[in-house]
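Structure record follows, encoded as structure tokens.
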Amino acid sequence: MKDHASQTRQRHRRVVVLGSTGSVGTNSLEVIEHFPDRLEVIGLSAHSSWKALFQQATRFRPRWIALSDPEAERQADLSLLPIGTELLTGPDAVARMSADSDTDIVVAAIVGSAGLAGTWEALSAGKTVALANKETLVMAGSRVTELAARRGGRILPVDSEHSAIFQALAGQPNSAIERLVLTGSGGPFRGKNRDELKSARLEDALKHPTWKMGPKITIDSATLMNKSLEVIEARWLFNLPPEQIDVIIHPESIVHSFVEFRDGSVLAQLSPPDMRLPIQYALNYPDRLSGPAKRLDWSSLRALHFEAVDRKAFDALDLGYQVARSGGTSGAVLNAANEAAVGLFLEGRLAFLDIARACRAVLAQHPFSPSPSIEELMAADRWARQEVSRWIRQTSPSP
Ligand code: MG
């Protein structure tokens, strides 16, 4: 009863969802719709899917929406916009929604490096950010965490592994932690050796065994680059050295990660693979409420498997550890090189194993800077994309 009273006393939370038409964005809206007394959509943003965005606007009646693609902005039929919703235009639209004094929480669900700006603005304004965009921490982890601390902003992880660790930690100090163990499904190519991966096909890489996600992160799951980026994300989010972060393959995607404490106790978070749970945990934090996410069916759950990563076949993982150790501009470079390489793979212009190969080559060439500004990070991002294009022109494909 006490719980219920404290929950109803909770102020209404007004939420801005950046990247609302993507996979995490639409799941966020489902969660928000489930808690009409607690959560309210105040702003939505999308890149170019204006029709989907306008439909969401009609359903949720936010105060603002924003399109980041100027071409989509020109095409959009404003007569379809509900009364009371304003279409914000121009480069500052996302910043305006994120920093408004009426905004309580910003869901950062824009895919890729394009997600950094919105997260940055929200943390600058001291907001709570439900962070689904791991690239923000991969690119600019030291800057972003320092900004959050300085401005009183808070980052709540939405990435399922980091949400699991955050929940298992339950406020314990870092001195209590032996190591964090990130679990990964292993993706569609789990069990394949390096030779077999040479001829890996795009349509197979897009078949993720347990999670339904967008194409970029699905390819990252197949290469294990996703886990690589998550090691970097965990390094910044929990302020721990990479030596205390491990990765293990867990094909069922039920145990979303665990924390091993100094005393040998291991705490984990379990649930079916369903993004709505980590989203709901972040949006309602610290309360645990009955929500729309799927439940574990203990009667059909037979076994949980764990196995070591084949580091030779999935060598993208080494790059994450390398970057988590070096910091500086290397995260922005790895992230951008990977985005560019995955883009080329999706177009059929790069072999599967060449994704990590291109990233390694670009990382090795890059002029490292130990404490870059945001502008320098954005420049490193652009440089790495160009280097991938150059690499593909100059390099013969993997034998
Ligand atoms: Mg994840």
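Just a few scattered comments:
- Total residues in the range 67-85, condition assigned to a loop (DSSP other than H, G, I, E, B), surrounded by 10 or more Cβ atoms within 10 Å (Cβ to Cβ) and charged (D, E, K, R): 1
- Single residue of the range 360-378 satisfying the filter (assigned to a helix (DSSP H, G or I) and touching a Ser or Thr at 6+ places or on another chain (Cβ under 9 Å)) that is farthest from GLY112 (Cα to Cα): ALA361
- For the range 267-297, filtering for residues that are assigned to a strand (DSSP E or B) and free of Cβ contacts under 8 Å to residues at least 60 places away in the same chain leaves 1.
- Within the range 95-184, strands (runs of 3 or more DSSP E) holding 1 or more residues that are more than 16 Å from the ligand (Cβ to nearest atom) and closer than 26 Å to PRO372 by Cα: 105-108, 128-131, 154-157
- Residue count for the range 310-331 under the criterion of being part of a helix (DSSP H, G or I), out of contact with any Gly (no Cβ under 6 Å at 6 or more places or on another chain) and within 19 Å of SER113 (Cα to Cα): the result is 6.
- Restricting ALA361, ALA351, ALA324, ALA379 to residues that are buried (at least 21 other Cβ atoms within 10 Å of the Cβ) and of a type outside the set (Asp, Glu) narrows the list to ALA324.
- Restricted to the range 185-218, and to residues there that are among the charged types (D, E, K, R) and within 16 Å of the ligand (Cβ to nearest atom), the residue that is surrounded by the most Cβ atoms within 10 Å (Cβ to Cβ) is ARG190.
- Any hit, the range 298-309, residues being outside any strand (DSSP E or B), in contact with a helix residue (DSSP H, G or I) (Cβ under 9 Å, 6 or more places away or on another chain) and open to solvent by 20 Å² or more (accessible area, probe 1.4 Å): yes
- Reported count of residues in the range 364-376, each being under 14 Å from VAL323 (Cα atoms) and either open to solvent by less than 40 Å² (accessible area, probe 1.4 Å) or touching a Pro at 6+ places or on another chain (Cβ under 8 Å) (or both), is 2.
- Residue within the range 222-239 that is away from the ligand (no atom under 16 Å from the Cβ) and open to solvent by 10 Å² or more (accessible area, probe 1.4 Å) present: yes
The values are calculated or read from the model by the stated rules, or taken from the named source; none is laboratory data. From a predicted model like this one, the values you see are computed outputs, not experimental measurements. Cβ sites come from the backbone with ideal geometry, for glycine too, and all protein chains shown count toward neighbours. Just the protein is used for accessible areas: all its heavy atoms, side chains included, with ligands, DNA and RNA removed. Shrake-Rupley method; radii C 1.70, N 1.55, O 1.52, S 1.80 Å.
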